[in-house]
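The values are calculated or read from the model by the stated rules, or taken from the named source; none is laboratory data. Keep in mind that what you see is a predicted model, and the values were worked out from it rather than measured. In this analysis, Cβ positions are derived from the backbone assuming ideal geometry, glycine residues included, and neighbour counts consider all displayed protein chains. The area values use the complete protein model at the heavy-atom level, side chains included, leaving out ligands, DNA and RNA. Shrake-Rupley method; radii C 1.70, N 1.55, O 1.52, S 1.80 Å.
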Amino acid sequence: MTLALDTLGRLESEAIHIFREVAGEFDRPVILFSGGKDSTLLLHLAIKAFYPAPVPFPLLHVDTGHNFDEVIEFRDRVVAQHGLRLEVAKVQDWIDDGRLEERPDGTRNPLQTVPLLDSITQHKYDAVFGGGRRDEERARAKERIFSLRTAFGQWDPKRQRPELWNLYNGRHRAGEHVRVFPLSNWTELDVWNYIEREGIELPDIYYSHQRDVFLRDGMWLAEGPWGTAREGETLLRKTVRYRTVGDGSCTGAVESDAADIHAVIAEVAASRLTERGATRADDRLSEAAMEDRKREGYF
């Protein structure tokens, strides 16, 4: 007797299959984990894929130093709860020793590429799991589930391999590695529906709360170690939530009364903007901002 799977069941089954394929094909995989919703979902699926054995891969977080405190606290709590090994590559360390320079605009999101590539090289990771989804941004929609990267971490769309019948080609030369996207076929709404179904905990900032924010370029930004309101900008107390989390200097909040997961799902279902399009200033730099960064080695 064959049991039919619903949409979430099929997506879960595909992701678990991908995790197990990578475990069989590669020697030194790693999971990128920031404590955000997509990487938390990714970790949840990895735990399911190998249960009752522990997750056989370490976690890696490229920490800009401009993260929200709530997310870092959540990250560390989850790691401790599951007895996982977390490597943290701090952008500040690269700035301190001269390998990177602060940008004039104070944004550190684009500075993650060098620490990421250096960490991959140092630890000899040959497969790097990420939580990227095709509906996030047009450049992500061009990539396969297995994305071959050069020895310099660069992505070349012309080198992508076909993935017919869920067959994944992980062959790579010495020094190259493969980025792996088990959530590639998920949408933001799928993610939230699955989080509800599985009862997955997330950082509180994904739900409605009070926060001091200021309006810049049409986005509600919070003050923090990355800076505060400039002349002509006013700090206001707003009821907001975050659809995505990252570098606080370029990640905006949205005005929202969605205080629980049911309200968030209703809000996401009605939205016509992706979370990156609505709340990530670094993706607005140019039409090809994300694709340019991916070609340089960004995730």
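For the range 282-290, the count of residues that are modelled with pLDDT under 90, assigned to a loop (DSSP other than H, G, I, E, B), farther than 16 Å from residue 136 by Cβ and in contact with a Lys or Arg (Cβ under 9 Å, 6 or more places away or on another chain) is zero. Checked against (1) modelled with pLDDT of 95 or more; (2) touching a Phe, Trp or Tyr at 6+ places or on another chain (Cβ under 9 Å); (3) buried (at least 17 other Cβ atoms within 10 Å of the Cβ), residue 190 passes all but condition (2).
Only one of the numbered conditions (1) part of a helix (DSSP H, G or I); (2) touching a residue at least 60 places away in the same chain (Cβ under 8 Å); (3) touching an Asp or Glu at 6+ places or on another chain (Cβ under 8 Å) is not met by residue 27, and that is (1). Taken together, 47, 72 contain a single residue that is β-branched (Val, Ile, Thr) and under 16 Å from the mean Cα position of the chain (by Cα), which is 72. Selection of first residues in the range 192-210 that are closer than 26 Å to residue 222 by Cα and of second residues that are open to solvent by 60 Å² or more (accessible area, probe 1.4 Å) and part of a helix (DSSP H, G or I), restricted to Cβ pairs under 7 Å at least 6 apart or on distinct chains, gives the following pairs, ordered by first then second residue: 203/70; 204/70; 205/70.
Residues in the range 66-110 that are closer than 30 Å to residue 47 by Cα, aliphatic (A, V, I, L, M) and open to solvent by less than 70 Å² (accessible area, probe 1.4 Å): 71, 72, 78, 79, 84, 86, 88, 89, 91. Criterion first (surrounded by 16 or more Cβ atoms within 10 Å (Cβ to Cβ), under 24 Å from residue 45 (Cα atoms) and of a type in the set (D, E, K, R)) does residue 133 satisfy it? Judged against the criteria, residue 133 is a match.
Among the residues in the range 196-208, are any touching a Leu at 6+ places or on another chain (Cβ under 8 Å), buried (at least 17 other Cβ atoms within 10 Å of the Cβ) and outside any loop (DSSP other than H, G, I, E, B)? No - not one qualifying residue is present in the range 196-208. Given the criteria on the phi < 0 side of the Ramachandran plot and either of a type in the set (S, T, N, Q) or open to solvent by 30 Å² or more (accessible area, probe 1.4 Å) (or both), does residue 29 qualify? In short, no. Within the range 212-253, the residues that satisfy the criterion of being surrounded by 18 or more Cβ atoms within 10 Å (Cβ to Cβ), outside any loop (DSSP other than H, G, I, E, B) and of a type in the set (Lys, Arg) are 238, 241.
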